[in-house]
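The block underneath contains the structure these notes are about, expressed in structure tokens.
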Amino acid sequence: MCPDQFDIDRLRQSALVARVEYYATISSTNDRAKQYAAEDEKQLPLLVVAQSQTAGRGRGGKRWWTGAGTLAFSLLFDAQALRIDRGRLSLVALATGVAVVEAVTPYVPGLPLGIHWPNDVYIGDRKLAGILVEAPSDRYFVVGIGVNVNNTLDNAPAELAHRVTTLRELTGAALDHTEVLLGVLASLDKWLRTLASDSAAVASRVDSLCTQRGEMIAVDFGGQVVNGRCAGIAPDGALQLDTPEGVRNFYSGVVRE
Ligand code: BTN
């Protein structure tokens, strides 16, 4: 089997998901998961995987490039059953970042993997994975993850090529998508459960993985830009910025490039 192809039977056997939907091509796995959330009968968690997305979405209404070999999927789960309320949505995104870091670490031992707030996964100064968490309702959350696994940068859009990296570029090998995906799901299950019982443990792990600590950064939240030195992640998951007016906490926003 080509490493980019999913072993659907194996995914369906996983105890981590109750239903698996596979699409050769879809607009966006997050959109399909949100659509399923509105259906009456649901088998959850639902995993939506796609070989290719025609309208993959990133945060802030941006497009997400799903090059051939990108691992793209979404998980729809019952957050209420896990006792995670909507107020902790940004922590769900952070927990997902930790899960991705832990799942890919064995493939790139010794390389500087970390979380670039709010929830991108970086290796050094290049983006490896993006995360888009959405809540179609107070009860159901969608975690969408795109990991640059087997894609090469040869056909990446010019504006991305110097800012992203892929596991294939780093290891020289094509990795098995099913294996990587099951690793992320297992790690995600662990970190979502940790979040349910102990948010501060998630925040502390993100703090230790924070790639921006000590750097001067500009955070744009709702059009207002605040400059400051990154002081890490607070126990409640906030990004802490040391500004001339004192330390300020951010729960959402965009870091200006
Ligand atoms: C970002 O970096 O801004 C987030 C990117 C999230 C991309 C993933 S790919 C699978 C899922 N489906 C989407 O449309 N988006 C997410």
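Here, each number is a calculation from the coordinates, and none is a lab measurement. Nothing here was measured: the structure is a model prediction, and the numbers come from that model. FYI the Cβ positions are ideal-geometry reconstructions off the backbone, even for glycines, and counts take in every protein chain you see.
Magnitude of the Cβ-charge dipole of the chain, K/R +1 and D/E -1, about the Cα centre, nearest 20 debye? Kindly include the intermediate steps, with their values, before the conclusion.
Numbers: 25 positive and 29 negative charges, 44 e Å.
That gives the chain a dipole magnitude of about 220 debye.
Residue-wise, which Karplus ³J(HN,Hα) couplings in Hz belong to the range 206-214, taking 6.51 cos²θ - 1.76 cosθ + 1.60, θ = phi - 60°, and x for glycine or proline?
With the stated coefficients, the range 206-214 comes to 5, 4, 6, 9, 4, 7, 9, 3, x Hz.
Provide, in order from the shortest bin, the percent of all Cα-Cα pairs of the range 146-220 in each 5 Å bin, continuing until the bin that contains the maximum pair distance.
Final binned percentages: 3, 12, 14, 15, 18, 19, 14, 5, 1.
Could you go through the range 25-30 in sequence order and give the Karplus-derived ³J(HN,Hα) for each residue, using 6.51 cos²θ - 1.76 cosθ + 1.60 with θ = phi - 60°, rounded to whole Hz, and x for Gly and Pro?
Listing the rounded values in order: 9, 8, 5, 8, 5, 5 Hz.
What is the dipole size for the range 36-103, taken about its Cα centre, with +1 at each Lys and Arg Cβ and -1 at each Asp and Glu Cβ, in debye to the nearest 20? Please report the intermediate quantities before stating the final value.
On the way: 8 positive and 6 negative charges, 84 e Å.
Its charge dipole is roughly 400 debye.
For Lys127, go through the lysines and keep the ones whose alpha-carbon is under 19 Å away, minus same-chain ones fewer than eight residues off.
Once the sequence-local lysines are set aside, what remains near Lys127 is Lys62.
In the range 1-122, what percentage of the DSSP-assigned beta bridges are antiparallel, given to the nearest 5?
Values: 9 of 16 bridges.
Of the beta bridges lying entirely in the range 1-122, close to 55 percent run antiparallel.
If amide H atoms are built 1.01 Å from N in the plane of the peptide, which residues on other chains or at least 5 residues away come under 5 Å of the amide H of Ser27?
Thr54
Taking the Cβ of Ile84 as the centre, find all other residues whose Cβ is under 15 Å away and add up their charges (Lys, Arg: +1; Asp, Glu: -1). Write down the numbers at each step before the final one.
On the way: positive: Arg83, Arg86, Arg88, Arg139, Lys190, Arg193; negative: Asp78, Asp85, Glu134, Asp138, Asp189, Asp198, Asp236.
Charge balance in the 15 Å sphere: -1.
So how do Val100, Val108, Val142 line up by other beta-carbon neighbours within 10 Å, fewest first? Don't skip to the answer; put the middle values down first.
Values: Val100 28, Val108 15, Val142 25.
Final ranking by Cβ density, sparse to dense: Val108, Val142, Val100.
Per residue, how big is the convex hull of the range 128-257 when only Cα atoms are used? Give it in Å³.
Cα convex hull per residue, to the nearest whole number: 156 Å³.
Amide H to amide H, which residues 5 or more places from Ala50 or on other chains are under 5 Å from it, using H placed in the peptide plane?
Amide H neighbours of Ala50, under 5 Å, 5+ apart: Tyr23, Ala72.
Note the per residue figure in Å³ for the convex hull of the C-alpha positions in the chain. Intermediate values should be presented prior to the final figure.
Values: hull volume 31.6 nm³, N = 257.
Hull volume over Cα atoms, normalised by residue count, gives 123 Å³.
Which of the three applies to the range 81-162, rounded, prolate or oblate, going by the alpha-carbon gyration tensor with a ≥ b ≥ c and a/c under 1.5 meaning rounded?
Details: a/c = 2.53, a/b = 1.76, b/c = 1.44.
Cα axes put the range 81-162 in the prolate bin.
Give the residue from Gly228, Tyr140, Thr211 lying farthest towards the positive end of the charge dipole for the range 139-257; charges sit on Cβ (+1 for Lys and Arg, -1 for Asp and Glu) and the dipole is referred to the Cα centre.
After comparing all options, I get Tyr140.
Quick one: grab the alpha carbon gyration tensor of the range 183-249, order the square roots of its eigenvalues as a ≥ b ≥ c, and give me rounded if a/c is under 1.5, else prolate or oblate depending on whether a/b is larger than b/c. Can you show the working numbers first?
Numbers: a/c = 2.39, a/b = 2.30, b/c = 1.04.
Taking the square roots of the gyration eigenvalues as a ≥ b ≥ c, the range 183-249 is prolate.
Quick query: amide H of Phe141 versus all other amide H atoms, modeled in the peptide plane; which residues come in under 5 Å with a sequence gap of 5 or more or a different chain?
Close amide H contacts, sequence-distant or interchain: Phe77, Ala79.
Ranking Phe221, Phe250 by Cβ neighbours within 10 Å, fewest first, what do you get? List each step's numbers first, then the result.
Working: Phe221 12, Phe250 19.
Fewest to most other Cβ atoms nearby, the residues stand as Phe221, Phe250.
Provide Rg over Rh for the range 1-134; use the alpha carbon set for both Rg and the Kirkwood Rh (inverse mean inverse pair distance). List each step's numbers first, then the result.
Details: Rg = 15.2 Å, Rh = 16.0 Å.
Result for the range 1-134 is an Rg/Rh of 0.95.
Residue by residue through the range 223-237, which ³J(HN,Hα) values in whole Hz follow from phi under the Karplus form 6.51 cos²θ - 1.76 cosθ + 1.60 (θ = phi - 60°), with glycine and proline marked x?
Taking θ as phi minus 60°, the curve returns x, 9, 10, 10, 9, x, 9, 5, 10, x, 10, 6, x, 8, x Hz for the range 223-237.
Between beta-carbons, use under 12 Å as the cut-off and find the net charge around Gly183, counting Lys and Arg +1, Asp and Glu -1. Don't skip to the end; give the middle numbers.
Working: positive: Lys190; negative: Glu102, Asp176, Glu179, Asp189.
Charge balance in the 12 Å sphere: -3.
Farthest toward the dipole's positive end in the chain, which of Leu239, Trp191, Asn151, given Cβ charges of +1 (Lys, Arg) and -1 (Asp, Glu) about the Cα centre?
Farthest towards the positive pole: Leu239.
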